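As structure tokens, the structure follows; a few thoughts come after it.
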Amino acid sequence: MKKQVKNNVYWVGKIDWELEEFHGSDYSVTQGSSQNSYLIKEEKTVLIDTVWSPHKDEFIKHLKEEVDLKSIDYLVMNHGEVDHSGSLPALMEEVPDLPIYCTKAAVDSLVGQYHHPEWNFQVVKTGDSLDIGNGKKLVFVEMKMLHWPDSMATYMTGDKILFSNDAFGQHYAVEELFNDYADQAVLWEQAMKYYANILNPFSKMAARKLQEILAMNLDIDLIAPSHGAIWRDHPEQIVEAYVRWADAYQEDQITILYDSMWEATQAIAHRLAREISFLSPSTKVKVFNVAHTDRNDLMTEVFRSKAIAVGSPTVGRDILTSVAGILHFVKELHFVGKKAGVFGSYGWSGEGNKVLRKSLEEAGFDLVEEEVKVKWKPKEEDLEKAQALAQALLD
Ligand code: FEO
């Protein structure tokens, strides 16, 4: 069922209430999601992106209720990832000559995934435009590495809509469609989670691209991403948030990540939290057992933090696999400008803190020298060492 976005522009996507994970199992989806596809009915009829393959039959059925597929003049594929291109083979079976407007890199990703080099690809680059009648045009803007080499955005003149694809999106099922109707707390939490977990590794390129978009002085009335809410109320607010997030973002927060075998490392984590709070009452302190916390939420908390502390007992001359897995993820997301400290307990060999340091250094954190390393169960004098670590993280 279509929903009107503005004038002759309609949403024809899929609200995916049941989705629980994304990118395999690498991204937890806790609020549902959507794959947004848009139908423009000006003198020319244009479809922008499709939906994930499990929903292809429903997508094409609904699309046929709105338009004769043969009357679609252009298909714009802003990005080749399967959540947006999954219905493409079924659509192309119905309209095999449909021109597909996309970047050169998208020809590679689409042919690589669907093996149809004969499809009618029309390669576009930044600044190219397509007349859609009624005095309106689509202008293409390459969005390389936001978040694939093939990504692009499409700007519609007249109605002033930026179809931004993944950029500015959220994994959030918003039947209400627009940001001003959505639950604000969920909207912003999901927008930040999306940035931290998917786009953060590309922040340098994102910062440059955002400046390029701002320099284009596009008059933007709506930002219509490919997931979640359409930014209708002050769409510039999500662009401004991205500018902040892409610039080594941090809040006055310190996050403590740990796992524990027999509560010794846990006791250090709790004491460290209290010491940080004692020294700096206004600093947000959060403590998470990484074995029992959603790892994508943990990454969002790291993203928010100015410093983190990571703790593990020594086990097998190494650290617990739960902590090692989290540190692998932290490294993958390329956080910058953040401090880190380590802590842990041991019984005999005691390599844990050293392993933690090495992993955090490789992940690009600035390690503080102070640490807490406790043999067997901590005594009060051991726990008091958490104060020096807390101070170093706050300095
Ligand atoms: Fe990169 Fe929503 O796909």
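For region 301-313, check the following and say yes or no: at least one residue is closer than 14 Å to Tyr258 by Cα, in contact with a Leu (Cβ under 9 Å, 6 or more places away or on another chain) and open to solvent by 20 Å² or more (accessible area, probe 1.4 Å). Checked region 301-313: at least one residue is closer than 14 Å to Tyr258 by Cα, in contact with a Leu (Cβ under 9 Å, 6 or more places away or on another chain) and open to solvent by 20 Å² or more (accessible area, probe 1.4 Å).
In region 85-122, of all residues being closer than 12 Å to Leu75 by Cα and of a type in the set (Val, Ile, Thr), the one that is nearest to the chain's Cα centre (by Cα) corresponds to Ile100. I'm checking my understanding of the structure. Among residues of region 51-71 that are open to solvent by 10 Å² or more (accessible area, probe 1.4 Å) and part of a loop (DSSP other than H, G, I, E, B), which one is farthest from the ligand (Cβ to nearest atom)? Among them, the one singled out is Asp68. Asn134 satisfies every condition listed in (1) within 27 Å of the chain's Cα centre (by Cα); (2) in contact (Cβ under 8 Å) with a residue 60 or more places away in the chain; (3) open to solvent by 50 Å² or more (accessible area, probe 1.4 Å) except (1).
Just for region 83-107: of the residues that are open to solvent by 10 Å² or more (accessible area, probe 1.4 Å) and among the β-branched types (Val, Ile, Thr), which one is farthest from the ligand (Cβ to nearest atom)? Among them, the one singled out is Val95. When region 333-351 is filtered for residues that are aromatic (Phe, Trp, Tyr) and buried (at least 16 other Cβ atoms within 10 Å of the Cβ), the ones remaining, listed by number, are Phe335, Phe343, Tyr346.
Close Cβ contacts (under 7 Å, 6 or more residues apart or on different chains) running from residues in region 224-247 that are over 22 Å from Thr300 (Cα atoms) and small (Gly, Ala, Ser) to residues that are open to solvent by less than 20 Å² (accessible area, probe 1.4 Å) and part of a loop (DSSP other than H, G, I, E, B) comprise Ala224/Asn36. Any residue in region 349-360 that is outside any helix (DSSP H, G or I), small (Gly, Ala, Ser) and over 27 Å from the mean Cα position of the chain (by Cα)? So far as region 349-360 goes, yes, one or more of its residues are outside any helix (DSSP H, G or I), small (Gly, Ala, Ser) and over 27 Å from the mean Cα position of the chain (by Cα).
Within region 222-245, the set of residues being in a loop (DSSP other than H, G, I, E, B) and away from the ligand (no atom under 16 Å from the Cβ) comprises Arg232, Asp233, His234, Pro235. How about region 113-158: which of its residues are at positive phi and away from the ligand (no atom under 16 Å from the Cβ)? Once the filter is applied, which keeps residues that are at positive phi and away from the ligand (no atom under 16 Å from the Cβ), region 113-158 yields His115, Gly127, Gly133, Asn134, Gly135, Gly158.
Across region 72-82, the qualifying residues are those that are open to solvent by less than 10 Å² (accessible area, probe 1.4 Å) and within 16 Å of the ligand (Cβ to nearest atom), and the one among them that is farthest from Asn8 (Cα to Cα) is Gly80. For the structure I just gave you, tell me whether Val82 is without any contact (Cβ under 8 Å) to a residue 60 or more places away in the chain and out of contact with any His (no Cβ under 7 Å at 6 or more places or on another chain). Considered against the rule, which asks whether it is without any contact (Cβ under 8 Å) to a residue 60 or more places away in the chain and out of contact with any His (no Cβ under 7 Å at 6 or more places or on another chain), Val82 comes out as yes.
Which residues, counting only those in region 275-313, are in a loop (DSSP other than H, G, I, E, B) and in contact (Cβ under 8 Å) with a residue 40 or more places away in the chain? Of everything in region 275-313, those that are in a loop (DSSP other than H, G, I, E, B) and in contact (Cβ under 8 Å) with a residue 40 or more places away in the chain turn out to be Ser280, Thr283, Asp294, Ser305, Lys306, Ser312, Pro313. On inspection, Ala267 fails the criterion of being closer than 22 Å to His171 by Cβ and either open to solvent by 40 Å² or more (accessible area, probe 1.4 Å) or not basic (Lys, Arg) (or both). Can you tell me which residue in region 159-192 is nearest to Glu142 (Cα to Cα), limited to those that are within 15 Å of the ligand (Cβ to nearest atom) and part of a helix (DSSP H, G or I)? So the residue we want is Ala191.
The values are calculated or read from the model by the stated rules, or taken from the named source; none is laboratory data. Computed from a predicted model, the values in this text were never measured in an experiment. Heads up, the Cβs are rebuilt from the backbone with ideal geometry, glycines too, and the neighbour counts pull from every protein chain shown. With ligands, DNA and RNA removed, areas are computed over all heavy atoms of the protein, side chains included. Shrake-Rupley method; radii C 1.70, N 1.55, O 1.52, S 1.80 Å.
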